[in-house]
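Take a look at the structure below.
The values are calculated or read from the model by the stated rules, or taken from the named source; none is laboratory data. Here the structure is a predicted model, which is why all the values come from computation and not from measurement. Neighbour counts are summed over all protein chains in view; Cβ atoms, including those assigned to glycine, are modelled from backbone coordinates with ideal geometry.
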Amino acid sequence: MSRIIDLTLPLAQGMRGVNLEPSCTVEEEGWNATMLHLYSHAGTHMDAPTHFGVGETSIDQIEPDRFMGPAWIAEIAGVNSKSLIQIKDLGVTADKVQPGESLILRTGWSHYVHEPRYRDELPRVSLELAQWCVERKINFLGVEPPSVADVHNLEEVTRVHQTLLVGNVLPVEGLSNLHSIQQERITLIIMPLKITGGDGSPVRALAVESKVKDLF
């Protein structure tokens, strides 16, 4: 029997890049409705190649068959503030992930989502690891911090994102609740909004645990 785990940060008023305004109320219009003002990379989100100018592919042009498939959970031990995650940190997972599969880095960093260090001191994906993901033809590279690289270092954040996106690896950032996943291999579901010309989008991210024989 399958078990579904929600890996998505709730979009709430006060979150960075989120503003929710009442538009209609039951008392005045007869129904409730909300005006959503969302930064395209708010909360749990994915990037499109146009985000860093590496092509013309926008979020609505990404083929939907990429949005669901097998993913491996790599346990990244000893993550500290501003850690640089290397290929060796993947451990045995590096030998298991196959072309077309996704890779999720479990660092526990989402526990700090309400603290300044969540964004300011995030552990980063090294350029070497980004290149390795491209060589392995990884589908999604998922991380718990709000970015795969240091948002305060334009050169780093640009090089890592461009390496991934040019290599057809889609970053998914701001994942949460990874500690609830009990299997090393899951089915990952990433569903972005279909925004015309979008450089990225908040997503609903789900992990499906089941017996391997039932899934693949």
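Do we have any residue at all in the stretch 89-102 that's within 16 Å of the chain's Cα centre (by Cα) and at pLDDT 95 or above? Within the stretch 89-102 (the criterion being within 16 Å of the chain's Cα centre (by Cα) and at pLDDT 95 or above), the answer is yes, since at least one residue qualifies.
Selection of the stretch 91-125 for residues being touching a helix residue (DSSP H, G or I) at 6+ places or on another chain (Cβ under 8 Å) and among the small types (G, A, S) yields A94, G108, S110.
The set of residues from the stretch 158-211 being of a type in the set (K, R) and either free of Cβ contacts under 8 Å to residues at least 24 places away in the same chain or over 15 Å from F52 (Cβ atoms) (or both) comprises R185, K194, R204, K211.
Counting residues in the stretch 47-61 that are acidic (D, E) and closer than 17 Å to S147 by Cα gives one or more. Looking at the structure I just gave you, is R119 among the basic types (K, R), surrounded by fewer than 20 Cβ atoms within 10 Å (Cβ to Cβ), under 22 Å from G198 (Cα atoms) and in contact (Cβ under 8 Å) with a residue 60 or more places away in the chain? Judged against the criteria, R119 is not a match.
Taken over the stretch 179-202, residues that are hydrophobic (A, V, I, L, M, F, W, C) and either touching a His at 6+ places or on another chain (Cβ under 9 Å) or crowded, with 23+ Cβ neighbours inside 10 Å (or both) amount to 3. Each residue in the stretch 93-127 was checked for being outside any helix (DSSP H, G or I), over 25 Å from L206 (Cβ atoms) and not charged (D, E, K, R), and 2 of them qualify.
Filtered by the rule that a residue be surrounded by 11 or more Cβ atoms within 10 Å (Cβ to Cβ) and assigned to a strand (DSSP E or B), the stretch 1-32 gives R3, I4, I5, D6, V18, N19, L20, S23, C24.
Tallying residues that are of a type outside the set (S, T, N, Q), surrounded by fewer than 16 Cβ atoms within 10 Å (Cβ to Cβ) and not in a loop (DSSP other than H, G, I, E, B) within the stretch 151-168 yields 4. Looking only at the stretch 22-37, decide whether some residue is under 18 Å from the mean Cα position of the chain (by Cα), modelled with pLDDT of 95 or more and farther than 16 Å from V169 by Cα. No. Entry remark, the stretch 33-52: residues being touching a residue at least 40 places away in the same chain (Cβ under 8 Å) and assigned to a loop (DSSP other than H, G, I, E, B) number 6 in total. V92 - would you say it is closer than 21 Å to H179 by Cβ and not acidic (D, E)? Answer is yes for this residue.
Restricting to the stretch 59-92, count the residues that are assigned to a helix (DSSP H, G or I) and under 15 Å from E128 (Cβ atoms). Even if it seems obvious, please write down each step before you answer.
Start the filter on the stretch 59-92 by keeping residues that are assigned to a helix (DSSP H, G or I), which leaves 59-61, 64-66, 87-90.
If we keep only those that are under 15 Å from E128 (Cβ atoms) as well, we get 87-90.
Count: 4.
If the condition is being among the hydrophobic types (A, V, I, L, M, F, W, C), part of a strand (DSSP E or B) and under 21 Å from K96 (Cα atoms), then the stretch 173-205 contributes I186, L188, I189.
Within the stretch 1-45, being of a type in the set (G, A, S) and either out of contact with any Ser or Thr (no Cβ under 9 Å at 6 or more places or on another chain) or more than 17 Å from D199 (Cβ to Cβ) (or both) holds for S2, A12, G14, S23, G30, A33, A42.
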